[in-house]
Each structure stands twice: as C-alpha cells, then as structure tokens.
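Contents: one structure, followed by commentary.
No value in this document is a laboratory result; all are computed from the given coordinates. Quantities reported herein were computed from a predicted structural model and do not represent experimental measurements. Counting neighbours? That spans all protein chains shown, and the Cβs are built from the backbone with ideal geometry, glycine included.
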Amino acid sequence: MTTLTSATQGSAALARLLGTATTVTVFTGAGISTECGVPDFRSAGSPWRQNAPIGFKDYLADPMLRREAWRRKFVMDDLYAGSRPGRGHRAIARWAAAGLVHSVVTQNIDGLHAAAAGPGDRIVELHGNGTFARCLGCGKRHELAPIRARFEAEGTLPECGCGGIVKSASVAFGQPLDEGDLRRAAEASLACDLFVVLGSSLVVRPAARFPEMAQRNGAKTVVVNREPTPFDVVADLVVLADIGDVLDPL
Ligand code: NAD
C-alpha cells in the first residue's frame with residue numbers, strides 16, 4: 001500500500017494506474033460533491049444530521065411523518081439548489097469519454113454524475129436520486145416542482161394517480177436497496193482491473209463491500225479521500241487529499 005498526502009503526487013500516481021488500466025470502475029461518495037456546495041454526511045456540522053432520520057416503515061405508516069420528511073427535504077434542496085458538477089465529476093466524464101469507464105457506482109443522490117455527462121446509463125445510484133420522486137406503488141416518476149408547489153400552497157401530500165404513496169426517489173433509512181442496482185454494482189466491481197473510490201468514508205454497507213469485491217477479484221484499488229477509511233489498509237494507493245485537486249490535472 002502506498003499512502004500519499006500531496007495532491008500533486010497523488011495525481012501522478014493515479015495517472016500511472018489509469019495509464020495501465022483497461023477497465024475502470026469508479027465508486028463515489030458524498031465527498032466528491034462537497035466542492036459543489038452539497039455537504040457530506042459525516043463531516044462536522046453536517047446539516048444532514050440535524051434531525052433523527054425518519055425510517056422507511058414510519059414514512060409508510062404515518063402521514064404526519066411523511067409531511068415532516070417533505071418539509072425537511074425542501075429545506076435541504078434549497079441548501080444546494082443550482083449546484084453544478086465539480087472537478088471530480090468532470091474528470092470522470094473525461095475518462096468515460098475516453099472509453100476507460102465501465103461504470104460509476106455512487107452513493108450520492110444529487111444527480112451530479114449525470115449532469116456532468118458521465119457514462120450515461122452506466123451510472124448506478126445505489127441510494128437512489130433525490131432530484132425527483134417516485135410512486136411506491138406503481139413506480140411512476142413524479143417531478144418535485146409541482147409536489148412542492150402544492151405542499152407549500154395547500155399542505156397537500158403527493159399522491160399518485162394509482163393511489164400509491166409518493167416519496168423522494170432517494171433511499172430512506174430502512175428502505176431496501178434496488179436489487180437491480182446491487183447486481184449492476186457487483187458486476188461493475190468484478191469487471192474492472194482498476195477500482196477507484198472517491199470521497200466515501202466506506203462505512204455505509206452494503207455499498208462499502210464493492211471495493212472489497214473488486215480487490216478480491218484481482219483489481220487494483222485506489223482511495224482518494226481527505227481522511228482515512230477502513231479499506232485503506234488493503235488498498236494499493238491511498239491519496240489523503242482534496243478530490244478536485246487530485247483529479248483536475250488528469
Ligand atoms: P460520508 O459523508 O460518510 O463520507 C464522505 C467522505 O468524503 C468523508 O470521509 C470526508 O472526509 C470526505 N470528503 C469530503 N469532501 C472531500 C473532498 N473535497 N475531498 C476529499 N474527501 C472529501 O459520505 P458517504 O460515504 O457517501 O455516505 C453518506 C451517505 O449519505 C451516502 O450513502 C449518501 O446516500 C448520503 N449523502 C449523499 C450526499 C450527496 O448526494 N451528495 C450528500 C450527503 C449524504
């Protein structure tokens with residue numbers, strides 16, 4: 001394992017690994033979006049942790065909690081309204097355009113990989129997407145703007161035409177992850193010869209198992225994060241530096 005704390009050296013070391021790789025899977029967490037104004041979950045003072053989470057079962061069972069979940073969501077949405085892809089998202093989009101990227105597996109719900117024109121349908125959003133909503137009954141997509149307008153004007157909770165409960169398309173605490181997304185993430189982890197983790201504390205499971213899977217399958221592994229993760233001890237390269245600084249020159 002090589003650990004580097006200089007972004008310049010980290011960038012050069014990652015460039016060497018990218019130069020010998022044929023298929024790269026990128027795994028991202030909240031740290032890739034902090035420079036875009038979207039706070040991460042675990043850093044000090046994170047607004048995501050101001051309230052105890054509303055679990056999925058409670059959301060289903062109690063309209064009052066659904067109302068509170070929507071109120072909180074709109075407060076958080078305002079915090080990072082208009083955020084644009086950062087240097088990390090744009091670097092990954094360049095690697096994808098060069099044909100290097102098998103998939104981007106992300107824990108993020110902010111939609112910024114797609115906004116950066118990443119690898120299109122090869123973005124696996126393990127924890128869903130908070131930029132729209134879905135009916136939990138029939139799966140129909142609902143846009144947030146009309147939901148918010150009615151919620152704020154009339155206090156109305158969204159309901160689907162089929163009568164189903166409508167919820168943000170991000171995954172709530174206690175809500176099962178999509179089986180298809182888990183399968184695609186596993187396939188991407190096994191298909192690559194270089195697995196690059198960017199901005200994840202790697203403590204949220206099952207997401208954190210994907211770098212382990214790639215490594216056991218023989219891929220080289222890299223972690224770029226500004227603080228250590230539990231996976232560092234087995235990674236081939238660890239860069240303890242800012243993601244944008246490391247990826248921008250690549
Ligand atoms: P996390 O908050 O647990 O970890 C983020 C890591 O990124 C931290 O270790 C932090 O030190 C590091 N980091 C922050 N900014 C960085 C930078 N500029 N350069 C290098 N490192 C940086 O996030 P996680 O592991 O993704 O897990 C949190 C969960 O919360 C996720 O599962 C996700 O669903 C959700 N979440 C998503 C978003 C988003 O969509 N942007 C934001 C917050 C939380």
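Here are a few things to note about the model shown:
- Per-residue Cβ neighbour counts within 10 Å put Phe195, Phe210, Phe41 in the sequence Phe41, Phe210, Phe195, beginning with the fewest.
- D (Stokes-Einstein, µm²/s), Kirkwood Cα radius, the stretch 63-112, 1.306 mPa s at 10 °C: 118 µm²/s
- Relative contact order (%) - criterion: Cα under 8 Å, at least six apart; region: the chain: 29 percent
- Taking only the C-alpha atoms of the stretch 111-158, the Rg (one decimal) and the largest Cα-Cα distance, Dmax (whole number), read 13.6, 40 Å.
- With the biggest extent put first, the Cα atoms of the chain measure 57, 33, 31 Å across the principal axes.
- From its DSSP helices (H runs of at least four residues, each -39,500 (n - 2.57)), the chain gives a residue-normalised ellipticity at 222 nm of -10500 deg cm²/dmol.
- Loop-located GluC sites (Glu not before Pro) in the stretch 94-192 (DSSP state not H, G, I, E or B) with no more than 16 neighbouring Cβ atoms inside 10 Å: Glu143.
- Distances between every pair of Cα atoms in the stretch 46-175, grouped in 5 Å steps from 0 to the bin holding the largest one, split as 2, 9, 18, 21, 18, 13, 10, 6, 3, 0 percent.
- Dmax and Rg, reported as Rg then Dmax, of the stretch 133-250 (C-alpha, Å): 19.4, 56
- If the convex hull is drawn through the Cα atoms of the stretch 178-240, its volume per residue in Å³: 71 Å³
- Here the stretch 176-244 and the stretch 69-110 have alpha carbon centers that stand 17 Å from each other.
- Overall form of the stretch 41-95 per C-alpha gyration tensor (a/c, 1.5; a/b vs b/c): prolate
- Over the stretch 122-199, relative contact order from alpha-carbon pairs under 8 Å, at least 6 apart, %: 35 percent
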